[in-house]
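One structure below.
The values are calculated or read from the model by the stated rules, or taken from the named source; none is laboratory data. Since the model is a prediction, treat every value here as computed from it, not as a measurement. Cβ coordinates were reconstructed from backbone atoms using ideal geometry, including for glycine residues, and neighbour counts include every protein chain displayed.
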Amino acid sequence: MWKSIRLRITLIAVLTILSIAVVLPSLTDNLPAAWQKKTPKIHLGLDLQGGVFLRLAVEIDKAIESTALRYADESRAACRAKGIPVLGWQREGTDGFSLKLPPGDFAGKALSLLKEEMGIIDFALGDVKADGATVVGRMRPAEVQLIRANAVTQGVDTIRNRIDPEGVREAQVIPEGDDRIVIQLPGFKEQQRAIALVSQVALLEFKLVDEGVSVEEAMKGNIPEDAQLLFQITNDRQTGKMTKNPMVVKKRALLTGDKIKSAKVNFESRQGGAAVSVSFDAQGTKIFDRITAENVKRRLAIILDGNIKSAPVIQERISGGEAQITGSFTAEEASDLAVVLRSGALIAPVKVIQNVTVGPSLGQDSIQKGIRAGVIGALLVVLFMAFYYRLSGLVADFALIFNILFLLAGMALLEATLTLPGIAGVILAIGMAVDSNVLIFERIREEIRAKKPVRAAIDAGYDKAFWTVVDSHVTTLITALILFQFGTGPIKGFAVTLSMGVAINLFTALVCTKVVFDYINAKRPMQALSI
Amino acid sequence: MIEIIKNTKIDFMGIKKYTFAFSGVLMLIGFFGVVQIYRGHANLGIDLAGGTSIQLRFQKPVPMDEVRLLLTGAGHAEASLQGVPGENILIVKARAKGKEEKMVSEEIVNLLRGKFPDNPITVESIAEIGPAIGKKLRSDALLALAVSALAIILYLAWRFEFKFGVAAAIATYHDVVALTGIFYLLGQEMDLLFITALLTIGGYSLTDTVVVFDRIRENIRLRKRGTLSETINVSVNEVLSRTIITSVTVFITCLALLFFGGIVLREFALALTIGVVVGTYSSIFVASPIVALWRGEKMIEVKR
């Protein structure tokens with residue numbers, strides 16, 4: 001008998017010491033560094049420590065569409081270069097386009113030309129009518145597939161590069177399913193800035209301003225096919241007023257952001273305020289040199305995601321491979337733009353479909369209130385048990401303390417994330433923890449009423465209640481596991497604490513309490529039981 | 001020995017007409033609530049319906065009617081406003097309109113900052129959820145409810161027998177539906193945490209049911225005489241005190257959560273609190289009578 005008691009007490013003591021060693025680093029910072037560093041910790045969820053959670057939908061179809069449109073432009077240019085007039089064009093689904101050609105043998109000529117020059121597109125003859133014929137181009141399935149596969153991974157990598165400079169601890173950017181990205185930025189406070197950093201496509205283009213077309217005509221819709229109307233949007237820093245300045249530019253981009261080697265903030269811009277200097281890679285430098293040499297005294301529009309940032313006049317040929325983007329930026333906007341340009345453009349645009357931001361004050365408040373509710377709840381339960389079951393109730397209370405301690409240790413070991421519903425799970429688990437002891441004690445009472453000696457009654461009580469306790473735990477565990485499987489972040493936290501609390505309870509309610517009764521009995525057999 | 005409940009001899013099976021009628025009414029309200037949810041007439045949380053929820057803390061009290069007027073003027077007439085008395089907290093919730101994925105939190109915060117320039121605002125939390133995600137979370141929740149029902153029936157069928165499993169599952173669903181109905185009647189918001197409460201209560205209510213079933217099984221083996229209804233009556237009376245005391249301890253912690261857990265968890269705690277009561281009721285008055293009705297009055301032993 002004694003051997004078994006000593007064994008159990010030793011086991012509980014070892015577990016207790018280990019648990020305290022594991023839990024302490026999560027509760028206080030005043031511990032030796034080696035201890036602090038080596039032990040796993042309970043993480044606080046975004047809802048408790050504050051931060052930004054974003055779920056993005058990656059608009060892959062748009063990436064395919066814009067690639068197809070680019071091919072359409074190139075095909076048209078190829079035809080025109082060989083003197084084949086193109087009357088018009090339109091989209092054919094997301095991955096194709098059709099060019100309209102005049103009657104005669106133009107369609108046939110265009111078809112053989114395009115097949116030769118644009119090898120990566122499948123071309124076929126479309127409708128042939130009296131007023132002309134169409135040639136339909138379609139992207140190869142393999143290429144569409146490649147864009148599909150790359151869009152999310154490229155998005156994740158790009159967004160990671162954009163977030164890294166922020167130095168957010170435990171920041172997460174992970175793909176979800178085929179077309180989603182989930183971003184978690186614990187402790188990050190500026191929601192709008194996070195959204196801007198993450199969801200900006202950051203497509204930088206250099207296009208010539210078309211001086212030959214009047215803006216008034218363009219606004220009415222009279223615009224040549226190779227030109228487009230864009231706006232330069234400026235915000236006045238003092239008044240906050242927004243002005244939209246329309247401008248006609250050539251459709252063809254002479255140079256794009258993928259040729260950028262680096263980007264940095266520059267405070268010495270002539271307009272005052274911050275600017276971003278970009279330097280091009282070798283190829284980009286060559287192209288920029290040629291553009292500036294060929295177009296001195298003309299205006300070059302610098303366009304970011306379809307908005308003109310500035311349109312300076314090219315004063316002289318620039319061979320150094322550097323350009324400056326100005327446009328009434330604040331220092332922070334400029335530095336974010338530099339980061340975004342360095343990380344490159346997203347292949348596919350993204351849309352924020354879920355955004356949860358919690359301020360640090362609310363998180364603190366939630367923790368405090370959660371702990372308060374937990375302490376009050378636990379105290380009430382402890383008092384109730386001591387009142388109703390007297391000494392035995394105190395034994396159950398003692399097991400409850402172990403239950404909470406082991407639960408916290410278990411969470412630290414698993415490096416589980418504690419969320420606000422998770423705290424609720426702990427509190428609920430406290431209420432359920434003593435249930436096992438209630439079942440056992442009621443059974444012991446029955447045995448005592450049946451005039452069994454105390455010791456036999458205790459043994460029989462534990463024995464007979466065992467399966468009832470297990471059954472009742474399993475049912476709670478089943479639903480908790482299902483919650484874990486289907487739940488999102490905060491609710492997963494609830495499932496974790498509740499299921500762990502209930503599982504650990506099997507040990508504390510059965511072993512920790514029984515050993516107390518056994519110990520007392522071994523010292524001096526009980527004549528009466530305070531229950 | 002303190003005993004709240006001593007040697008009761010309540011004829012639980014005898015009053016089953018009344019309790020079934022009561023449960024029937026609860027079910028009707030519940031199903032009506034479910035239908036209303038489907039029709040979009042219930043107070044669904046924005047995490048399930050899609051939309052924007054903003055919690056703001058003002059430095060000084062803020063006149064609600066002015067906020068209402070301001071938001072209505074800006075095209076957010078349907079937005080719901082909730083103030084927390086004494087704390088200068090304002091919660092604005094705007095349901096998503098149709099399939100529109102527009103995020104309006106920035107707009108609303110700026111509106112309020114512009115309207116009350118000398119009453120600084122701290123944004124405590126923002127949640128914006130697109131309708132597509134709301135739809136996904138909704139279907140996940142339904143799937144979770146269905147899977148848990150199946151898992152419970154299977155477990156209890158294995159531990160007891162099929163009829164006990166089904167009876168327990170019916171009692172559990174009784175609780176889930178009744179809780180939904182009560183929340184609908186109270187006009188309380190039903191969000192993901194509410195679904196979590198439903199599942200938790202489902203699991204917890206089973207705990208009580210299992211205790212009763214265990215005793216019924218034992219008594220069928222021991223008694224050998226009388227009818228199943230009599231045996232059930234004896235069993236329920238025998239375990240009545242533990243059924244009630246186990247519920248009381250959980251009820252106490254739920255109350256602590258409700259009164260001291262803070263505003264974010266309030267509705268969750270309310271659902272748990274009501275759920276514990278309904279769950280205890282159903283283990284006594286719903287699960288066992290179904291077993292008796294289905295199994296017949298013969299005392300056939302329950303396989304283990």
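Out of all the residues in the stretch B:107-139, which are at the interface with chain A (Cβ under 8 Å from one of its Cβ atoms), surrounded by fewer than 16 Cβ atoms within 10 Å (Cβ to Cβ) and acidic (D, E)? Of everything in the stretch B:107-139, nothing turns out to be at the interface with chain A (Cβ under 8 Å from one of its Cβ atoms), surrounded by fewer than 16 Cβ atoms within 10 Å (Cβ to Cβ) and acidic (D, E). Picking from residues in the stretch B:148-172 that are closer than 23 Å to B:Q36 by Cα and within 13 Å of chain A (Cβ to nearest Cβ), the one that is modelled with the lowest pLDDT is B:A149.
Residue-level analysis places A:F466 among those that are surrounded by fewer than 22 Cβ atoms within 10 Å (Cβ to Cβ), more than 43 Å from the chain's Cα centre (by Cα), more than 8 Å from chain B (Cβ to nearest Cβ) and in contact (Cβ under 8 Å) with a residue 40 or more places away in the chain. Can you name the number of the only condition in (1) assigned to a loop (DSSP other than H, G, I, E, B); (2) among the polar types (S, T, N, Q); (3) free of Cβ contacts under 8 Å to residues at least 12 places away in the same chain that A:T94 fails? The one condition A:T94 does not meet is (3).
Among the residues examined, A:T508 does not qualify as surrounded by 17 or more Cβ atoms within 10 Å (Cβ to Cβ) and at the interface with another protein chain (Cβ under 10 Å from one of its Cβ atoms). The strands (runs of 3 or more DSSP E) falling completely within the stretch A:193-287 that include 2 or more residues that are surrounded by 19 or more Cβ atoms within 10 Å (Cβ to Cβ) and modelled with pLDDT under 85 map to A:274-280.
Output the residues belonging to the stretch B:97-106 that are more than 10 Å from chain A (Cβ to nearest Cβ) and without any contact (Cβ under 8 Å) to a residue 40 or more places away in the chain.
Scanning the stretch B:97-106 gives B:K97, B:G98, B:K99, B:E100, B:K102.
Return yes when A:I84 is within 30 Å of B:P131 (Cβ to Cβ) and of a type in the set (A, V, I, L, M) and no when it is not. The answer is no for A:I84.
A quick yes/no check of all residues on (1) surrounded by 14 or more Cβ atoms within 10 Å (Cβ to Cβ); (2) more than 30 Å from A:I367 (Cβ to Cβ):
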residue: A:K41; (1), (2): yes, no
residue: A:A57; (1), (2): yes, yes
residue: A:S75; (1), (2): yes, yes
residue: A:A81; (1), (2): no, yes
residue: A:K115; (1), (2): yes, yes
residue: A:G119; (1), (2): no, yes
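If you go through the stretch A:324-346 and keep only what is touching an Asp or Glu at 6+ places or on another chain (Cβ under 7 Å) and part of a strand (DSSP E or B), you end up with nothing. Please verify whether the stretch B:188-196 includes one or more residues that are in a loop (DSSP other than H, G, I, E, B), assigned by TED's automatic domain parsing to the domain that holds B:A77 and closer than 30 Å to B:A74 by Cβ. Within the stretch B:188-196 (the criterion being in a loop (DSSP other than H, G, I, E, B), assigned by TED's automatic domain parsing to the domain that holds B:A77 and closer than 30 Å to B:A74 by Cβ), the answer is no, since none of the residues qualifies.
Take A:A386 and decide whether it is free of Cβ contacts under 8 Å to residues at least 12 places away in the same chain and among the small types (G, A, S). Criteria met by A:A386.
Taking the stretch A:1-61 as the region of interest, the helices (runs of 4 or more DSSP H) fully inside it that hold 1 or more residues being in contact with an Asp or Glu (Cβ under 6 Å, 6 or more places away or on another chain) and modelled with pLDDT of 90 or more are A:2-27.
The set of residues in the stretch B:249-260 being closer than 16 Å to A:S436 by Cα and either more than 7 Å from chain A (Cβ to nearest Cβ) or surrounded by fewer than 20 Cβ atoms within 10 Å (Cβ to Cβ) (or both) consists of B:F251 alone. Does any residue of the stretch A:337-356 turn out to be within 10 Å of another protein chain (Cβ to nearest Cβ) and over 26 Å from the mean Cα position of the chain (by Cα)? So far as the stretch A:337-356 goes, no, none of its residues is within 10 Å of another protein chain (Cβ to nearest Cβ) and over 26 Å from the mean Cα position of the chain (by Cα). Here A:G108, A:G104, A:G88 are screened, and the one residue that is surrounded by fewer than 18 Cβ atoms within 10 Å (Cβ to Cβ), touching a strand residue (DSSP E or B) at 6+ places or on another chain (Cβ under 7 Å) and over 22 Å from A:V144 (Cβ atoms) is A:G88. In the stretch B:92-102, is there at least one residue being surrounded by fewer than 18 Cβ atoms within 10 Å (Cβ to Cβ), not charged (D, E, K, R) and not assigned by TED's automatic domain parsing to the domain that holds B:E218? Taking every residue of the stretch B:92-102 in turn, at least one turns out to be surrounded by fewer than 18 Cβ atoms within 10 Å (Cβ to Cβ), not charged (D, E, K, R) and not assigned by TED's automatic domain parsing to the domain that holds B:E218.
For (1) under 25 Å from A:R443 (Cα atoms); (2) in contact with a helix residue (DSSP H, G or I) (Cβ under 7 Å, 6 or more places away or on another chain); (3) surrounded by 19 or more Cβ atoms within 10 Å (Cβ to Cβ), each residue gets a yes or a no:
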| residue | (1), (2), (3) |
| --- | --- |
| B:R159 | yes, yes, yes |
| B:F164 | yes, yes, yes |
| B:A168 | yes, yes, yes |
| B:Y184 | no, yes, yes |
| B:F194 | no, yes, yes |
| B:L198 | no, yes, yes |
| B:G203 | yes, yes, yes |
| B:D208 | yes, yes, yes |
| B:R217 | yes, no, yes |
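Screening the stretch B:16-98 for helices (runs of 4 or more DSSP H) wholly inside it with 1 or more residues that are closer than 28 Å to B:L145 by Cβ returns the ranges B:16-39, B:46-49.
Regarding the stretch A:165-173, can at least one residue be identified that is modelled with pLDDT of 90 or more and either buried (at least 17 other Cβ atoms within 10 Å of the Cβ) or part of a strand (DSSP E or B) (or both)? Checked the stretch A:165-173: at least one residue is modelled with pLDDT of 90 or more and either buried (at least 17 other Cβ atoms within 10 Å of the Cβ) or part of a strand (DSSP E or B) (or both). Just one residue in the set A:T479, A:T468 is at pLDDT below 90, in contact with an Asp or Glu (Cβ under 8 Å, 6 or more places away or on another chain) and assigned by TED's automatic domain parsing to the domain that holds A:L44; that residue is A:T468. Restricting A:I482, A:I404 to residues that are facing another protein chain (nearest Cβ under 10 Å) and either aliphatic (A, V, I, L, M) or touching a Gly at 6+ places or on another chain (Cβ under 6 Å) (or both) narrows the list to A:I482. Of all the listed residues (A:D131, A:D157), the sole one being in the same structural domain as A:F97 (by TED's automatic domain parsing), surrounded by fewer than 16 Cβ atoms within 10 Å (Cβ to Cβ) and not small (G, A, S) is A:D131.
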